[in-house]
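A short worksheet on the structure shown next.
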Ligand code: SD4
């Protein structure tokens with residue numbers, strides 16, 4: 001068996017490419033890193049990589065992570081500025097024994113020291129969105145826009161190895177230095193080849209409260225199907241936050257177990273995701289809120 005699953009329609013082209021690699025026996029790590037890098041490179045996706053929307057100071061600060069489900073090694077970067085492919089930096093970090101999560105200036109310095117290319121990640125189009133939002137909110141003060149288009153992608157290869165990758169510019173108009181769930185292990189992503197993997201998108205501040213991705217993997221380990229694990233984690237977290245915090249943001253997840261069975265859950269009306277497996281051609285699906 002081999003398979004890939006990812007959040008949002010934007011992953012389709014990357015998965016279409018990368019799934020041909022998996023079908024030929026390529027490693028899941030290479031498949032997810034290449035596919036996420038494709039999403040990062042596409043200028044019109046407003047919340048990932050090049051063309052991502054800026055923080056409130058006008059700077060594009062990018063977060064990304066990679067986890068190898070065989071070794072449980074992970075690498076992540078946060079608030080990385082003007083480096084072409086944050087996911088490739090995160091992947092390189094996963095090979096280091098220490099310093100697995102680097103943020104800000106330190107992340108940038110390390111990326112440059114390793115020969116990663118500098119690139120201005122703020123596009124004219126993203127700048128126009130930024131100026132418009134500044135005008136709209138001039139009286140109310142800036143508040144982060146609950147956009148949610150983090151790409152989170154899981155790969156299972158023919159050897160049974162699994163990997164997960166995430167990449168995002170986070171919330172539009174976030175405060176400088178803010179991190180969401182996407183570079184945080186256990187929240188935005190988790191992967192264990194002996195069980196399965198999960199990755200999240202939505203309001204990071206709320207996804208982190210449930211250690212969402214780790215919790216889904218743990219429930220799959222306990223015998224739940226991926227779909228039941230995803231639904232139970234999302235709706236229990238939503239109930240808990242509503243009862244104790246009085247509000248909840250958008251929460252969406254995709255997960256896959258070591259057999260290539262997948263699950264998807266969302267608390268928003270519709271959530272698009274992409275799947276490709278040995279038995280299913282790369283396709284965009286829409287998940288709907290189930291309760
Ligand atoms: C964050 N979870 O930074 C990310 C944003 C996101 O879909 O997923 N958008 O909080």
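Return the percentage of antiparallel bridges among DSSP beta bridges fully within the range 1-128, rounded to the nearest 5 %.
Of all bridge pairs located within the range 1-128, approximately 70 percent are antiparallel.
On full extension of the chain, what length is gained from residue 235 through residue 105, given 0.36 nm per residue of separation minus the C-alpha to C-alpha distance?
Separation in residues times 0.36 nm, less the Cα-Cα distance, equals 43.1 nm.
So for the range 1-53, what percent of the C-alpha to C-alpha distances run longer than 15 Å?
42
Say we join alpha carbon atoms closer than 10 Å with springs in a Gaussian network model of the chain; which of 135, 95, 175 then has the biggest fluctuation?
Greatest mean-square fluctuation among the candidates belongs to 135.
So what's the back-of-envelope 222 nm ellipticity for the chain, counting only DSSP H runs of four-plus at -39500 (n - 2.57) apiece and dividing by all residues, rounded to 500?
Dividing the helical sum by the residues of the chain leaves -9500 deg cm²/dmol.
Mean-square fluctuation check for the chain, GNM, Cα pairs under 10 Å: which of 156, 241, 251 is largest?
The residue that fluctuates most here is 241.
Taking just the alpha-carbon atoms of the chain, what radius of gyration and Dmax come out, in angstrom?
In Å, with Rg to one decimal and Dmax whole: 17.5, 56.
If you wrap a convex hull around the Cα atoms of the range 26-122, how much volume per residue is inside, in Å³?
91
Under 8 Å for C-alpha pairs, at least 6 residues apart: give me the relative contact order for the chain, rounded to a whole percent.
23
How high is the relative contact order of the range 145-291? Use alpha-carbon pairs under 8 Å, at least six apart in sequence, and give a whole percent.
Once divided by the residue count of the range 145-291, the mean separation gives 19 percent.
Remind me, relative contact order of the range 1-160 in percent, using alpha carbon pairs under 8 angstrom and six or more residues apart?
32
Find how many whole Å separate the alpha carbon centroid of the range 229-291 from the alpha carbon centroid of the range 5-35.
First find each Cα centre; the distance between them is then 20 Å.
Only the coordinates and a few stated rules stand behind these numbers; no lab work does. On a predicted model such as this, the values are computed, not experimentally measured, just so you know.
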